[in-house]
1. Residue by residue through the range 228-273, note down the ones that are open to solvent by 20 Å² or more (accessible area, probe 1.4 Å), under 15 Å from VAL192 (Cβ atoms) and either modelled with pLDDT under 95 or out of contact with any Lys or Arg (no Cβ under 7 Å at 6 or more places or on another chain) (or both).
2. When you scan the range 191-233, how many residues do you find that are under 15 Å from GLY166 (Cβ atoms) and under 23 Å from the mean Cα position of the chain (by Cα)?
3. Of the residues LYS186, LYS248, only one is out of contact with any Ser or Thr (no Cβ under 7 Å at 6 or more places or on another chain) and within 26 Å of LEU124 (Cβ to Cβ); which?
4. Can you pull out the residues in the range 95-112 that are assigned to a loop (DSSP other than H, G, I, E, B) and either touching a residue at least 24 places away in the same chain (Cβ under 8 Å) or touching a Gly at 6+ places or on another chain (Cβ under 6 Å) (or both)?
5. Quick check on my filter: what residues within the range 228-249 are in a loop (DSSP other than H, G, I, E, B) and free of Cβ contacts under 8 Å to residues at least 40 places away in the same chain?
6. Need the failing condition index for ASP103 against (1) open to solvent by less than 10 Å² (accessible area, probe 1.4 Å); (2) of a type in the set (Asp, Glu); (3) within 21 Å of PHE243 (Cα to Cα), just the number.
7. With the structure loaded, tell me whether PRO92 is at pLDDT below 95 and open to solvent by less than 50 Å² (accessible area, probe 1.4 Å) or whether it fails that test.
8. Grab the strands (runs of 3 or more DSSP E) fully contained in the range 113-190, keeping just those with 2 or more residues being under 18 Å from the mean Cα position of the chain (by Cα) and touching a residue at least 40 places away in the same chain (Cβ under 8 Å).
Amino acid sequence: MSLQNELIVIRGAGDLASGAAFRLARSGFPVVMIELPEPLVIRRAVSFAEAVFRGKFTVEDITAELAVSIGDINKLLKAGKMPIVADPAQYPLKILQPAAVIDATMAKKNLGTTIDDAPIVIGLGPGFKAGVDVHAVVETCRGHDLGKVILKGQAEPNTGVPGEIGGYRAERILRSPGCGTFHAVKEIGDIVEKGELVATIDGLPLYATISGVLRGMLHSGLQVNPGMKVGDIDPRHRREYCFTISDKARAIAGGVLEAYLFLRRRNLTWSQN
């Protein structure tokens, strides 16, 4: 692997993917993110995926800009900016030939990432096996091993149970009561009380499950299905937490940076021998 080729492509641009992108960009590495044309991202205030809707979006002090062509991607990279591409076919991956690919879609399963996608391939969370379909896996389950780099084996399986925040788990998650078009009544950062109307789905009301700060909310106008996660409430009543990268995302981002630097150095050592 050439030292000149340090481009990193990240699949997904939700809050955990954005935490990793932020850490890598801060460390001086060029990053391109790939998202869906209609990202189903909840924690939009700290997700570069929001640039798909707005054209550009800033998380803390780093900005991502929407690119619609390879020319746009190269122009933004030369300007030291972070391009994001809304394309399900993921065409930049084949053309750009990055030094590393990070699958941060958090799909809980592998949706097509292979160990041959780049000299370094890293998967976040369950669904990947280090040494088989990726070179390394980063643990995403809260607990003692959060952010751990796994070079052989897999991350902890998905439990389906949200991590505890302020004494609440599943109760803090907002889920769609039906099928239809989502419309937010409240905004991220709003204080809500239990039982207060926060959104509607084709007229069906969605009420706050607990009291706290609305930390995440799906973008209005998107189609949702019954039981789908559409928002979350933080019972700690700390509004600033809505607009800064979480402790979980920072821990995972540290694991991503560690995995990339370790594998990069290993590849360079092998190439010199």
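The values are calculated or read from the model by the stated rules, or taken from the named source; none is laboratory data. Since the model is a prediction, treat every value here as computed from it, not as a measurement. All Cβ positions, even for glycine, are placed from backbone atoms using ideal geometry, and neighbour counts span all protein chains on display. When the accessible area is computed, the model is the full protein with side chains, heavy atoms only, and any ligands, DNA or RNA have been set aside. Shrake-Rupley method; radii C 1.70, N 1.55, O 1.52, S 1.80 Å.
1. ARG236, HIS237, ARG238, ARG239, listed by residue number.
2. 6
3. Step by step, each of LYS186, LYS248 is checked, and only LYS248 is out of contact with any Ser or Thr (no Cβ under 7 Å at 6 or more places or on another chain) and within 26 Å of LEU124 (Cβ to Cβ).
4. Once the filter is applied, which keeps residues that are assigned to a loop (DSSP other than H, G, I, E, B) and either touching a residue at least 24 places away in the same chain (Cβ under 8 Å) or touching a Gly at 6+ places or on another chain (Cβ under 6 Å) (or both), the range 95-112 yields GLN97, PRO98, ALA99, ALA104, THR105, MET106, LYS108, LYS109, ASN110.
5. Hit for the range 228-249 is ARG238, nothing else.
6. In the conditions (1) open to solvent by less than 10 Å² (accessible area, probe 1.4 Å); (2) of a type in the set (Asp, Glu); (3) within 21 Å of PHE243 (Cα to Cα), ASP103 misses (3) alone.
7. Against the criterion (at pLDDT below 95 and open to solvent by less than 50 Å² (accessible area, probe 1.4 Å)), PRO92 qualifies.
8. Qualifying strands (runs of 3 or more DSSP E): 120-124, 136-138.
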